[in-house]
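The block underneath contains the structure these notes are about, expressed in structure tokens.
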Amino acid sequence: MAELIPISTVDIGAEEEALVVQVLRSGHLAQGPMVERLEHEFAAICGVPHAIAVANGTVSLVAALAALGVGPGDEVITSPFTFVATINAILAVGATARLVDIGLEDYCLDPAAVEAAVNERTAAIMPVHLYGQTADMGAIMKIAERHGLAVIEDAAQAHGAHCGGQAAGSFGVGSFSFYATKNVTTAEGGVITTSDAALADKLRILRNQGMRARYQYEVVGHNWRMTDVAAAIGLPQLARLTQTNERRQANAAALNGALEGLPGVVVPRVMADRAHVWHQYTLAVDGRDALMTALAQAKIGHGIYYPKTAHQYECYAIDARVVGDAAPLADLAATRVLSLPVHPKLASGDLERIVGAVTDWAKGTR
Ligand SMILES: *Cc1c(COP(=O)(O)O)cnc(C)c1O
């Protein structure tokens, strides 16, 4: 019997183990020198001067919004086709989420829809770099500049992605997740990136109970800190990020080469001038249920990211702070998308099995 090919794997080895043991033996477990190293490395990857590590990716979004002063009465324009943390973070600071439609080529915010949604309450735009490809940041930054809006990039899935030669997380304020399945993991973790020294200072203080020095409280703060144990897990992965992203890119290219043109299948597209880091490899398919059955029989992991848009869940539909017109393309995407394994640990035999299963299904159903 063939073994299951998982949709994602955790890529942790001897270097992570050694560094974690070093932290455990050091006696310094909470935020300390490893967190500082991780921040330094991550800022360099994004080409920005400041990175502030926090407990998880959701908190990094909340912290970015809070530090920018976004709160009750403010609107944040974002995508309904995202992991729910994007919306939850906006609601957590008391702001209103204005959901606008996406484009079907990159599954990210449609700049024209963003422009149409800007109003006097708009404080920020929060593009989501879905599946590892950035939104059209050139167009989004122009809109933000024209209207004087902040931009917070939800780059939780896009460590190392680029748009127009510029790194994800370097356009506005960047927010990343290091959750277990992300391209870089610290088990749980997150980081905010910025070129604004004053904002970075504010974030560091908010993260640590509002303290600049011990028991010198400047603002009402939080405990948003990352542990040194977590940072030790992440550091070797940051050192390998270019390499692991290249493996994802090679896997995606192999899948696209083999699956493009099959009936009922739309393969994912890399937009001009963007570097995709393939957090997910996502097809749009006709007859998704049948393909999922075929993949399950062939023991090939797969996932739907995401099965519904945010406004289709009752808890958001009834929340007065979630607003926006219909987003038909996002709704359509939610009925068609299906992600296949693309992670760096796939062997060439795994790719053959994935291609074989999708090809057999596509030919058999027509
Ligand atoms: C994972 C993710 C988050 C939240 O990150 P956590 O570390 O799980 O809190 C936010 N936005 C998107 C798009 C994500 O994929």
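The values are calculated or read from the model by the stated rules, or taken from the named source; none is laboratory data. Remember, predicted model here, so these are calculated numbers, not experimental data. Glycine also receives a Cβ, built like all others from the backbone with ideal geometry; neighbour counts cover every protein chain displayed. For the accessible areas, the whole protein counts, side chains as well, though only heavy atoms, and no ligand, DNA or RNA atoms are used. Shrake-Rupley method; radii C 1.70, N 1.55, O 1.52, S 1.80 Å.
Brief remarks on what is shown
- Here the condition is being modelled with pLDDT under 95 and not basic (Lys, Arg); of Gly27, Gly57, Gly69, Gly32, it holds for Gly27 alone.
- Qualifying position, being touching a residue at least 12 places away in the same chain (Cβ under 8 Å), of a type in the set (A, V, I, L, M), buried (at least 19 other Cβ atoms within 10 Å of the Cβ) and assigned to a strand (DSSP E or B), among Ala66, Ala53, Ala43: Ala53
- Residue pairs meeting the criteria (Cβ under 6 Å; at least 6 apart or on separate chains; first of a type in the set (Lys, Arg), in the stretch 85-108; second within 16 Å of the ligand (Cβ to nearest atom)): Arg98/Ile77
- Single match in Arg225, Arg248 (criterion: in a helix (DSSP H, G or I) and either open to solvent by 60 Å² or more (accessible area, probe 1.4 Å) or closer than 30 Å to Gly165 by Cα (or both)): Arg248
- Elements of type helices (runs of 4 or more DSSP H) in the stretch 76-185, at least 1 residues being within 10 Å of the ligand (Cβ to nearest atom): 85-92
- Within the stretch 77-89, one or more residues are within 18 Å of Glu145 (Cβ to Cβ), aliphatic (A, V, I, L, M) and either open to solvent by 30 Å² or more (accessible area, probe 1.4 Å) or in contact with a strand residue (DSSP E or B) (Cβ under 9 Å, 6 or more places away or on another chain) (or both).
- Residue in the stretch 297-321 that is farthest from Ser339 (Cα to Cα), counting only those that are open to solvent by less than 60 Å² (accessible area, probe 1.4 Å) and in a helix (DSSP H, G or I): Tyr316
- Condition met for Glu16 (in a helix (DSSP H, G or I), open to solvent by 10 Å² or more (accessible area, probe 1.4 Å), more than 16 Å from the ligand (Cβ to nearest atom) and modelled with pLDDT of 95 or more): no
- Count of the stretch 155-195 residues which are touching an Asp or Glu at 6+ places or on another chain (Cβ under 8 Å), over 18 Å from Thr78 (Cβ atoms) and open to solvent by 10 Å² or more (accessible area, probe 1.4 Å): 4
- Residue satisfying all of: in the stretch 196-222; touching a Gly at 6+ places or on another chain (Cβ under 9 Å) and in a helix (DSSP H, G or I); surrounded by the fewest Cβ atoms within 10 Å (Cβ to Cβ) among these: Ile205
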